[in-house]
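Here is the structure we will look at, set down as structure tokens.
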Amino acid sequence: MQDSFALAGLVIGAFLVSIPCGYIRESFRKFSIPWLFFAHLPIPLVVHFRHLAGFGWRVIPLTLLSAIAGQMVGGRYKRRVKHGRKTSQRQP
């Protein structure tokens, strides 16, 4: 049971750490050096937390997917802030 909570915390932590990196990454040209830097910045931190929690390589797919999801959410938020929120207005 305690492993389940630790795994959930690890996955949520990977997601939350990746959001700011995705937000910053969206400011750079795709596949440039800074873009790659911010895409890979949260990975060592997630690996460190995984080792601290005592998990092996079997949880890597979960943490990787959550880190990618965090990057996507951060990038989407940056695009939404940059271009303005699309709101649909109802016609009377």
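Here LYS78 meets the list (1) basic (Lys, Arg); (2) more than 14 Å from the chain's Cα centre (by Cα); (3) part of a helix (DSSP H, G or I) almost entirely, failing just condition (2).
Within region 18-36, residues that are at negative phi have Cβ atoms under 7 Å from residues that are assigned to a loop (DSSP other than H, G, I, E, B) and of a type outside the set (Val, Ile, Thr) in these pairs: CYS21/LEU41; PRO34/PHE28; TRP35/PHE28; TRP35/ARG29, counting only partners at least 6 apart in sequence or on another chain.
The conditions of being surrounded by fewer than 16 Cβ atoms within 10 Å (Cβ to Cβ), modelled with pLDDT under 95 and over 24 Å from GLN2 (Cα atoms) are met by LYS30. The residue list PHE28, PHE38 contains one member that is within 14 Å of the chain's Cα centre (by Cα) and within 29 Å of LYS82 (Cα to Cα), which is PHE38.
What number of residues within region 17-40 are over 17 Å from TYR77 (Cβ atoms) and assigned to a loop (DSSP other than H, G, I, E, B)?
Adding up the residues that qualify gives 4.
The values are calculated or read from the model by the stated rules, or taken from the named source; none is laboratory data. All figures in this text were calculated on a predicted structure; none of them were measured in a lab. Ideal geometry is used to build each Cβ from the backbone, glycine not excepted, and the neighbour counts take in all protein chains shown.
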